[in-house]
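Novice: My questions will all concern the structure given below.
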Number of protein chains: 2
Amino acid sequence: MRLSRFFLPVLKETPADAQIASHRLMLRAGMIRQEAAGIYAWLPLGFRVLKKIEQIVREEQDRAGAVELLMPTLQPADLWRESGRYDDYGEEMLRIRDRHKRDLLYGPTNEEMITEIFRSACRSYKDLPKLLYHIQWKFRDEIRPRFGVMRGREFLMKDSYSFDLDEAGARAAYNKMFVAYLNTFARMGLKAVPMRADTGPIGGDLSHEFIILAETGESQVFCHADLVEMGAPGAVDFDGDLQPLVDARTALYAATDEMHEAERFAVEVPEAKRLSARGIEVGHIFYFGEKYSAPMKAVVTHPDGAQKPVHMGSYGVGVSRLAGAIIEASHDDAGIIWPESVAPFGAAIIDLKPGDADTGAACARAYEALTKAGKEPLWDDTDERPGGKFATMDLIGLPYQMVIGPRGLKEGKAEVKARRTGERHELGLDDAIARLAEGAFGG
Amino acid sequence: MRLSRFFLPVLKETPADAQIASHRLMLRAGMIRQEAAGIYAWLPLGFRVLKKIEQIVREEQDRAGAVELLMPTLQPADLWRESGRYDDYGEEMLRIRDRHKRDLLYGPTNEEMITEIFRSACRSYKDLPKLLYHIQWKFRDEIRPRFGVMRGREFLMKDSYSFDLDEAGARAAYNKMFVAYLNTFARMGLKAVPMRADTGPIGGDLSHEFIILAETGESQVFCHADLVEMGAPGAVDFDGDLQPLVDARTALYAATDEMHEAERFAVEVPEAKRLSARGIEVGHIFYFGEKYSAPMKAVVTHPDGAQKPVHMGSYGVGVSRLAGAIIEASHDDAGIIWPESVAPFGAAIIDLKPGDADTGAACARAYEALTKAGKEPLWDDTDERPGGKFATMDLIGLPYQMVIGPRGLKEGKAEVKARRTGERHELGLDDAIARLAEGAFGG
């Protein structure tokens, strides 16, 4: 992408009403623009990050055997009357009446609708297990939306739903999502800790939140410090027994504020390992058995002929919120530092003298080679001054900057800067291009 | 994907209330499920088609130089008061009031919001031209939603917006989209004819609809028959002069009902070439100059220091509607016939004797090879009877079916059936796999 054709409205000044780093940086970097309280447009730079995050979430869901569909944003109120949540949900639910005076709502979550879809098609134990997900915009009418996309009203969520014959089956599905989530967040460079959590308005018996530790987190969390560095399982057989992987992570103490037991924490965790910190929730998984299937009559015939409600769970990832969470975990005074996996572009190519035939040709060569290598370069071909270009590139946080100026080029050289470390390498132009294309620089 | 893990709720019976082929077939093939009038869930099979269509639209937009972003589904009413359309739009606009009694609406289109985004960032001729697009769910509260996704209320649209200094620049942007649309629809196997069209609620001076001819089309259209077979330009230089390509297609008569001039049609088109048919609108492009930029004060400084509103156009593709339109154009009595470019899976592998070690191993080999070749096979490993399997596969319309049964396998053979032609080839198993993987069968 040539910057002159892109749309990157960076802000010189820090927006006054943005309280946390990710909100400030997303506004300054021209990633988002607020259209109404808690409702954002994702400008081209932000959109590219959002798509990368979404794709990682999707790939890890697919790997775990979940099947994607897409439910609509609007739902009929009658569905929620079946489960009893239409009245329970309160003012956070955005209620809508159409021209024929029918009650709709903007879905804050999809337990009811997926249960309706399941029950319309599956009637036998032979149809089980099923594990379905979608990635769709949701709306929760927060009374005080804030922190940018971290606590918006219209937000993108991945939500999965499992349907099993019994609790053991549901537990296996729960474990699949537990492990898939560890891998998902690790791929984005995040250290997410699963913590016992309250089930809230979803309800149920068993629940874990996946928490990123960050000073700006919205809730207090408590855990054994070893959990933070435990890492993700990576490639596993999702049809195999995942219980040991889950047990290894639930054996150590970890709980959100609502579930915290100070006494147990003190007894179970050695003092030097007691971590009490602020946390950002990026995922939340629930096992709730028959909570929806019983009232909504999502019933299957068992092998013995008995008819019983299926056992369900639901599993959410805050896709749009993750863009903010990643920035909270990875930035410095100059701006954002994207992990390569979610960077909007893989590298910047900075022309220090646009209009000059030589730097232009060198940039074009780099651009072509990096594009071919799948690095998705952003070529700054604008006539801004070098100082402004460097500041913008540091702000938007691409992993690498390749600087091509007339002085270096006279000696056939270009400079490569790694955004995370600040390390600079002066290299022959072709060498620089080849190494960037190969991903041969340290991050 | 193994069918036993997929979610494919095919219907045995034809839904009574579905009046047109695409609606009937999408319901029967388990592609969609209605959740409220004109509001559909895209079940896994339908979702895969929707994603393929969306991706083709995206690639052709990118090729034309458009830059993607994502605006929210909900918009503040005040924006639409600026343009004057809040009152004009009538009951098709879904109006919403949030908990703080602020007026929102579910966007039926995005001219106002993109103009607001543009004016917040661009103030000089140096910032032009800009060509932005997004692919987002829209809502129009149709009084009588019908024909499934062809005339739904919640629908997926790609909408692009161009910003130029003057009419000549805007015309160049218009031509880019004109050509991009020809290529877009051709890649989906559709013969789309650009026709002079009424500008309706978008307004403006110049407008073309892209129309697929189909008996079930919602409007009457009139054109020179040669336009239908004219084909798409394919690879072009989008920075070059596209006017000749556009002129070649606008020189011949083509108009929708509202713009039809019977006398001109009779004079300009030889009788043998006069085509009067039903048409489905799949795209619509508009040049409307200062219609939004003037009232909304999207003004830029010209090189001579003058400040003038930018010239704008907007360009829509009905992404979800295309799934229906493609089926209208490509089906037979047995079901859907997908063009390969948008097929939900590239081929079916049908195990005629699930549980048999030999057929299972042969299917696994085919599955692995076709997956590796990027053909995304659907492996029917269920224990349904062969007749049911064949009927389902014909219904869902994958381009190829590879049938593996114990009898053929004894001689090392498998059968490949091309869905479109019905042609069957009996081949050695490895030969069949290799030829399918290479795409060596005619469609």
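Novice: I need the full set of residues from region A:329-381 which are more than 20 Å from residue A:436 (Cβ to Cβ) and over 20 Å from the mean Cα position of the chain (by Cα), in order please.
Specialist: Within region A:329-381, A:332, A:333, A:334, A:353, A:354, A:355, A:356, A:357 qualify.
Novice: Out of all the residues in region B:313-328, is one or more over 13 Å from the mean Cα position of the chain (by Cα) and aliphatic (A, V, I, L, M)?
Specialist: no
Novice: Pairs, please: C-beta under 6 Å, at least 6 apart or cross-chain, first residue farther than 19 Å from residue B:23 by Cα and in region B:145-162, second polar (S, T, N, Q) and in a strand (DSSP E or B)?
Specialist: B:161/B:314
Novice: What strands (runs of 3 or more DSSP E), lying completely within region B:284-353, carry at least 3 residues that are aliphatic (A, V, I, L, M)?
Specialist: Values: elements: B:299-301, B:307-309, B:311-318, B:347-351.
In region B:284-353, the matching strands (runs of 3 or more DSSP E) lie at B:347-351.
Novice: For residue A:259, state whether it is at pLDDT below 95, touching a strand residue (DSSP E or B) at 6+ places or on another chain (Cβ under 9 Å) and over 22 Å from residue A:183 (Cα atoms). Lay out the reasoning, then the answer.
Specialist: Working: at pLDDT below 95: yes; touching a strand residue (DSSP E or B) at 6+ places or on another chain (Cβ under 9 Å): yes; over 22 Å from residue A:183 (Cα atoms): yes.
Criteria met by residue A:259.
Novice: I'd like the full set of residues that are surrounded by 21 or more Cβ atoms within 10 Å (Cβ to Cβ), within 12 Å of chain B (Cβ to nearest Cβ) and over 11 Å from residue A:148 (Cα atoms), limited to region A:9-30.
Specialist: A:30, the sole residue that qualifies.
Novice: Right, here's the next one. Looking only at region B:78-127, which residues are at the interface with another protein chain (Cβ under 9 Å from one of its Cβ atoms), free of Cβ contacts under 8 Å to residues at least 24 places away in the same chain and closer than 26 Å to residue B:285 by Cβ?
Specialist: Hits for region B:78-127 are B:120, B:121.
Novice: Against the conditions (1) within 25 Å of the chain's Cα centre (by Cα); (2) among the charged types (D, E, K, R); (3) assigned to a strand (DSSP E or B), where does residue B:95 fall short? Just the number, please.
Specialist: Every listed condition holds for residue B:95 apart from (1).
Novice: Out of (1) in contact with a helix residue (DSSP H, G or I) (Cβ under 6 Å, 6 or more places away or on another chain); (2) within 19 Å of residue B:66 (Cβ to Cβ), the odd one out for residue B:224 is which?
Specialist: It fails just one condition, (2).
Novice: Now a separate question. Look through region B:34-77, keep the residues that are part of a loop (DSSP other than H, G, I, E, B) and at the interface with another protein chain (Cβ under 8 Å from one of its Cβ atoms), and return whichever of them is surrounded by the fewest Cβ atoms within 10 Å (Cβ to Cβ).
Specialist: Across region B:34-77, the extreme among qualifying residues is B:65.
Novice: Let me ask another. Sort out which residues of region B:134-143 are farther than 20 Å from residue B:326 by Cβ and facing another protein chain (nearest Cβ under 10 Å), and write them in order of number.
Specialist: Correct list: B:134, B:136, B:139, B:141, B:142, B:143.
Novice: Can you tell which of B:190, B:213, B:156, B:227 is surrounded by fewer than 22 Cβ atoms within 10 Å (Cβ to Cβ) and hydrophobic (A, V, I, L, M, F, W, C)?
Specialist: Details: B:190 fails: surrounded by fewer than 22 Cβ atoms within 10 Å (Cβ to Cβ); B:156 fails: surrounded by fewer than 22 Cβ atoms within 10 Å (Cβ to Cβ); B:227 fails: surrounded by fewer than 22 Cβ atoms within 10 Å (Cβ to Cβ).
Among B:190, B:213, B:156, B:227, only B:213 is surrounded by fewer than 22 Cβ atoms within 10 Å (Cβ to Cβ) and hydrophobic (A, V, I, L, M, F, W, C).
Novice: Pick from region B:105-151 the residues that are aromatic (Phe, Trp, Tyr), crowded, with 21+ Cβ neighbours inside 10 Å and over 18 Å from the mean Cα position of the chain (by Cα): which of them is nearest to residue B:89 (Cα to Cα)?
Specialist: B:106
Novice: Next up: Select from region A:278-303 the residues that are surrounded by fewer than 22 Cβ atoms within 10 Å (Cβ to Cβ), among the charged types (D, E, K, R) and more than 17 Å from residue A:192 (Cα to Cα) and list them in ascending order.
Specialist: Passing the criteria: A:290, A:297.
Novice: Answer yes or no: is there a residue in region A:359-376 that is among the acidic types (Asp, Glu) and on the phi > 0 side of the Ramachandran plot.
Specialist: So the first thing to find is which residues in region A:359-376 are among the acidic types (Asp, Glu), and the list is A:368, A:376.
Restricting the remaining residues to those that are on the phi > 0 side of the Ramachandran plot gives A:376.
Yes.
Novice: Give region A:98-127 a look and list any residue that's outside any helix (DSSP H, G or I) and of a type in the set (Lys, Arg), or say none. Break it down into steps so the answer makes sense when it comes.
Specialist: To start, the set of residues in region A:98-127 that are outside any helix (DSSP H, G or I) comprises A:98-110, A:122-124.
Those that are outside any helix (DSSP H, G or I) and of a type in the set (Lys, Arg): A:99, A:101, A:102, A:123.
Novice: Filter region B:302-325 down to the residues that are farther than 11 Å from residue B:158 by Cα and touching a Lys or Arg at 6+ places or on another chain (Cβ under 7 Å) and list them by number.
Specialist: Correct list: B:302 only.
The values are calculated or read from the model by the stated rules, or taken from the named source; none is laboratory data. Being a predicted model, the structure only gives us computed values, none of them experimental. Please note: Cβ atoms are built from the backbone with ideal geometry, for glycine as well, and neighbour counts cover all protein chains shown.
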